[in-house]
Amino acid sequence: MSFTANCSCVIITLALATLTLTFSEGYNVHIVNRFCNNDKPLTVHCKSGDDDLGNHTLWRGQDYNWQFNGNFWGTTLFHCNMKRDSQERDIKVFSIPDEEPSECMETKDCFWFVNEDGFYVGNKKFDWR
């Protein structure tokens with residue numbers, strides 16, 4: 001094999017290793033029930049294109065969380081349907097392609113707080129509507 005071919009193989013191997021390390025970093029997503037009263041639970045159903053995490057019932061103060069690694073292609077996306085009584089909303093809770101929420105990208109920890117008036121992540125608020 002020529003020197004040029006050897007260099008090309010090394011460069012490709014290093015590029016693939018860099019991509020794998022970049023997208024395989026561990027992330028943590030938390031959904032926390034911050035409702036004032038405890039008369040009804042918050043129901044959470046989260047999934048990605050590859051994983052369905054199922055339904056989870058959270059009472060006041062409870063935290064549902066999961067850990068994952070970004071995929072090789074950098075397309076990891078999770079969304080959650082959150083419901084409490086007659087209020088319901090589907091929210092994109094994590095997206096590598098959109099680099100959202102930015103707080104999650106910086107720290108690798110993503111905390112969503114849900115209460116009567118909406119959903120909070122970092123300084124951002126999302127209404128129930």
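The values are calculated or read from the model by the stated rules, or taken from the named source; none is laboratory data. Nothing here was measured: the structure is a model prediction, and the numbers come from that model. Methodologically, a virtual Cβ is constructed for each residue, glycine included, from the backbone with ideal geometry; neighbour enumeration extends over all protein chains shown. Heavy atoms of the whole protein, side chains included, go into the accessibility calculation; ligands, DNA and RNA do not. Shrake-Rupley method; radii C 1.70, N 1.55, O 1.52, S 1.80 Å.
If you go through region 107-126, how many residues are open to solvent by 60 Å² or more (accessible area, probe 1.4 Å), free of Cβ contacts under 8 Å to residues at least 40 places away in the same chain and in a loop (DSSP other than H, G, I, E, B)?
2
Any residue in region 31-44 that is touching a residue at least 60 places away in the same chain (Cβ under 8 Å), surrounded by 17 or more Cβ atoms within 10 Å (Cβ to Cβ), assigned to a strand (DSSP E or B) and of a type in the set (Val, Ile, Thr)?
Scanning region 31-44 turns up at least one residue that is touching a residue at least 60 places away in the same chain (Cβ under 8 Å), surrounded by 17 or more Cβ atoms within 10 Å (Cβ to Cβ), assigned to a strand (DSSP E or B) and of a type in the set (Val, Ile, Thr).
Kindly indicate which of Thr57, Thr75 is touching a Pro at 6+ places or on another chain (Cβ under 8 Å), open to solvent by 70 Å² or more (accessible area, probe 1.4 Å) and either assigned to a strand (DSSP E or B) or under 27 Å from Arg129 (Cβ atoms) (or both).
Result: Thr57 is the single residue among Thr57, Thr75 that is touching a Pro at 6+ places or on another chain (Cβ under 8 Å), open to solvent by 70 Å² or more (accessible area, probe 1.4 Å) and either assigned to a strand (DSSP E or B) or under 27 Å from Arg129 (Cβ atoms) (or both).
Report yes if Cys104 is over 20 Å from Cys36 (Cα atoms), out of contact with any helix residue (DSSP H, G or I) (no Cβ under 6 Å at 6 or more places or on another chain) and surrounded by 14 or more Cβ atoms within 10 Å (Cβ to Cβ), otherwise no.
Yes, satisfied.
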